[in-house]
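All of the numbers you see were taken from the coordinates with simple rules; none came from a lab. Please read these numbers as outputs of a predicted model, since none were measured by experiment. Please note: Cβ atoms are built from the backbone with ideal geometry, for glycine as well, and neighbour counts cover all protein chains shown.
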Amino acid sequence: MDENLIHRLESAVTRLEAISSTGFHPTTSPSDGSDAALDPSVVAYGDLIDQFVGRVSSAAEIIGGQVLEVTNRVKEAFSIQKELLIKLKTTQ
């Protein structure tokens, strides 16, 4: 496996373990989303975006043209989906 991938997975697991060991309990009151952005599922989704969409984006920058345009739209869609996930977490 790629060393970078292993490092990222270990980092994500460490953060998840730290959150669970500190007694993380989601709040039921509405918030501005800052707490939801630290939710393990949101962090993991962000890592997924950074890793895979970032890799595709880097390749698209080299290719350019329509490939870059489409990749930027895909990247934007993933970002919007992450924002939606954060909003959903604030309502739980």
So what are the ³J(HN,Hα) numbers for region 3-8, from phi and the Karplus equation (6.51, -1.76, 1.60; θ = phi - 60°), rounded to whole Hz, Gly and Pro as x? 4, 5, 5, 4, 4, 5
Going fewest to most other Cβ atoms within 10 Å around each Cβ, 71, 91 line up as 91, 71
For region 73-80, in order, what is each residue's ³J(HN,Hα) by Karplus, 6.51 cos²θ - 1.76 cosθ + 1.60 with θ = phi - 60°, in whole Hz (x at glycine and Pro)? 5, 5, 4, 5, 4, 5, 5, 5
Segment residue 19-residue 56, length gained on full extension (0.36 nm per residue, minus Cα span): 10.3 nm
Ranked on Cβ counts within 10 Å of their own Cβ, fewest leading, 50, 35, 2 go 2, 50, 35
FRET efficiency for residue 43 and residue 72, using Cβ-Cβ distance with R0 set to 22 Å, rounded to 0.05: 0.40
Would you mind calculating the gained length between residue 4 and residue 80 on full extension (0.36 nm times residue separation, minus the Cα-Cα distance), in nm to one decimal? 24.8 nm
